[in-house]
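Let me begin by presenting the structure, written as structure tokens, before commenting on it.
What follows is calculated from the coordinates using simple rules that are stated; it is not laboratory data. From a predicted model like this one, the values you see are computed outputs, not experimental measurements. Cβ coordinates were reconstructed from backbone atoms using ideal geometry, including for glycine residues, and neighbour counts include every protein chain displayed.
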Amino acid sequence: MRFLDVEETRAHINVDNAQGSLFFPGTARIDPALLTEGLARVLKNQGVRICEDTSAGHIGKGQVSTNRGPVSGDTIFVCLEGYSDTVTGDLPGLEGRQVIPVFSSMIATEPLSADAWDAIGWEGRECLGDTAHTFIYAQRTEDDRIALGGRGAPYAFGSGLPGDGRVPAEVVELLRTRLSSLFPDLEVEVAHAWRGALGVTRDWCAGIFFDADQRIGVARGYAGHGVTATHLAAKTLLDRASGQSTPLTALPWNDHYSGQWEPEPIRWLGIRSMYRIFNIADEWERVTGAKRTSLLARFGSRLAGLHE
Ligand SMILES: Cc1cc2nc3c(=O)[nH]c(=O)nc-3n(C[C@H](O)[C@H](O)[C@H](O)COP(=O)(O)OP(=O)(O)OC[C@H]3O[C@@H](n4cnc5c(N)ncnc54)[C@H](O)[C@@H]3O)c2cc1C
């Protein structure tokens, strides 16, 4: 990791009002759709059967009920992340109110003109993020758009799910505003918007569980950082199921119990208040040019159960 001053930062990406940045040269980015397709192709070639449009309901020892009939197996892994509450069963790590779905939403612009890219730079196609409490993340895509994501209307009462992935207009507008704050001179239309659910536990930490009697494993709670973490979790679940002690089964997220979320409406009020507080804290820190995290933001983190 290297610290870049204002000039160096703007030589990479000409972000308005940049104060400096931290540069991680080892960062990589992936196309999640290509990853999913590639994974499916490899598994099918190995003889694995993938059943799409099939919802699991109850999960018991050796058997899962689904909307298309029961499925049986010696060992069952439940990896539903933000959708963990859609199944029932006496499952380790899923005993009620342990994981809630929090939404992350993204926009992608139309492809930018060559002139616009000349002004912005971003030739290294680095992953870009800010350190706001209501942070955003962005990248220059292969086809020269800007894809930018963040939160905004992140939780629906009663752990509601993101449905068909359509994003409310006010969230699209909020993300567009964040894009404009990075590149005020940029004039480009938003071409796409979508959202999905992350699984968040009460202490924002992931956990992996395996019940050796029932032979049911559960992994969940990556809080929006699951692209690589799921790979490690899957390997860990396999080691747990084999009954061996390995370096992976010794990692601290094994059997990590995060506690329970509060019942509604306290949960909804708490998460809503947390994001409201973070929004005000971001504005306060921006206006006052704060060099440290404000007391308000610390209070918001406490409320959320976030570790600083
Ligand atoms: C907009 C957005 C941007 C993100 N950006 C990043 C990022 O930059 N980096 C990063 O590391 N992570 C990111 N994430 C988070 C990352 O996508 C997740 O952490 C990761 O996908 C978790 O993988 P998973 O396989 O555990 O769960 P998921 O990918 O959520 O898969 C769960 C699957 O279970 C299925 N399902 C739901 N209910 C049932 C049921 N009852 N029966 C059967 N199947 C069911 C769902 O259809 C889904 O396919 C982002 C997420 C979103 C939404």
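Annotations
- Fewest neighbouring Cβ atoms within 10 Å first, the residues His12, His192 line up as His192, His12.
- Ordering 210-218, 29-37, 157-165 by mean Cβ neighbour count within 10 Å, with the highest value first, yields 210-218, 157-165, 29-37.
- Sorting the segments 143-153, 198-208 by their mean number of nearby beta carbons within 10 angstrom, highest to lowest, gives 198-208, 143-153.
- Over all Cα atoms in the chain, the spread is summed up by Rg and Dmax: 21.3, 63 Å.
- Residues of segment 174-217 falling in the label zone of Gln260, defined by backbone nitrogen less than 19 Å from a point 7 Å along Cα to beta-carbon, are 200-205, 207.
- Working note: 222 nm ellipticity from helices only, DSSP H runs with n ≥ 4, each -39,500 (n - 2.57), summed and divided by the residues of the chain, gives -9500 deg cm²/dmol to the nearest 500.
- Using R0 = 30 Å, the C-beta based FRET efficiency linking Thr177 and Thr54 works out to 0.15.
- Relative contact order of segment 100-200, pairs being alpha-carbon contacts under 8 Å that are 6 or more residues apart, as %: 47 percent
- Theoretical FRET efficiency, 1/(1+(r/R0)^6), r = Cβ-Cβ of Leu43 and Tyr137, R0 22 Å, to 0.05: 0.15
- Between Ala28 and Ala250, the contour length at 0.36 nm per residue exceeds the Cα-Cα span by 77.2 nm.
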